[in-house]
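**Student:** Sharing a structure, written as structure tokens. Questions coming.
The values are calculated or read from the model by the stated rules, or taken from the named source; none is laboratory data. Quick caveat, the model's predicted, so the values are computed rather than measured. Cβ atoms come from the backbone with ideal geometry, glycine included; neighbour counts cover every protein chain shown. For the accessible areas, the whole protein counts, side chains as well, though only heavy atoms, and no ligand, DNA or RNA atoms are used. Shrake-Rupley method; radii C 1.70, N 1.55, O 1.52, S 1.80 Å.
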Amino acid sequence: MVNHGEQLTDRDDLLVAVPPLLIVAGNLTTKGGNRFIFAPYRLTLHHYAILHHLSGCSCKMMDLREVMFNSAANITQHVDALEERGWVRRVPSPEDRRSTLVELTDKGRNQLEVVDRHYLEQMRGYLKDVDTDLLKLVAEFLEQFIEHTVGMLENDDSPTAGKSSVTPSDE
């Protein structure tokens, strides 16, 4: 960070350091997860996240897009790939005939259980030397960071709200 004559506090240094670290951690999580955890099942982290979300409920494609912070086109591609495998299905919404819901099939639920076991085994080995209290602290921080950021984005009424000169990566 450029120091314009002001004395930075340790907190200021941390505030500037956190976003780039989150980006690197996110990229590594995606690449490592895709390679070491999901590849044996021909899944990606995005596929897994959709399956995991659908394990609790069926939902509209738009809801998946919002939960995944992904484009409609990419969500459609991911759902298409999962549907081809028989792990999800599209069903008419009982409340709105214009809407379609996506739900996990029994085959998808069984596959998710298998992947979850493998995922947990991999993470146990990968993080075996990381203190449980530190893991809790990191999880709490990330939950607060996500909650705060989502709240800011939902309440953003600035002229540039929803606009960006940079297109986010949709894998």
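**Student:** Collect the residues in segment 39-68 that are over 28 Å from GLU147 (Cβ atoms), without any contact (Cβ under 8 Å) to a residue 40 or more places away in the chain and surrounded by 14 or more Cβ atoms within 10 Å (Cβ to Cβ), keeping them in residue-number order.
**Tutor:** The answer is none; no residue qualifies.
**Student:** Another one. Would it be correct to say that SER71 is of a type in the set (S, T, N, Q), within 25 Å of GLY151 (Cα to Cα) and surrounded by fewer than 16 Cβ atoms within 10 Å (Cβ to Cβ)? Full working, then the answer.
**Tutor:** Values: of a type in the set (S, T, N, Q): yes; within 25 Å of GLY151 (Cα to Cα): yes; surrounded by fewer than 16 Cβ atoms within 10 Å (Cβ to Cβ): yes.
Considered against the rule, which asks whether it is of a type in the set (S, T, N, Q), within 25 Å of GLY151 (Cα to Cα) and surrounded by fewer than 16 Cβ atoms within 10 Å (Cβ to Cβ), SER71 comes out as yes.
**Student:** Is there any pair linking a residue in segment 129-141 that is within 18 Å of ALA25 (Cα to Cα) to one that is of a type outside the set (Lys, Arg) and not in a helix (DSSP H, G or I), with Cβ under 8 Å and at least six apart or on different chains, and which?
**Tutor:** Listed by first residue and then by second, the contacts come to LEU135/LEU127.
**Student:** In the set ASP133, ASP116, ASP129, ASP106, which member is loosely packed, with under 10 Cβ neighbours inside 10 Å, out of contact with any Cys (no Cβ under 6 Å at 6 or more places or on another chain) and either among the β-branched types (Val, Ile, Thr) or within 23 Å of PHE36 (Cα to Cα) (or both)?
**Tutor:** ASP129
**Student:** Which one is farthest from CYS57 (Cα to Cα), of the residues in segment 83-103 that are among the acidic types (Asp, Glu), open to solvent by 40 Å² or more (accessible area, probe 1.4 Å) and over 19 Å from the mean Cα position of the chain (by Cα)?
**Tutor:** Here the answer is GLU84.
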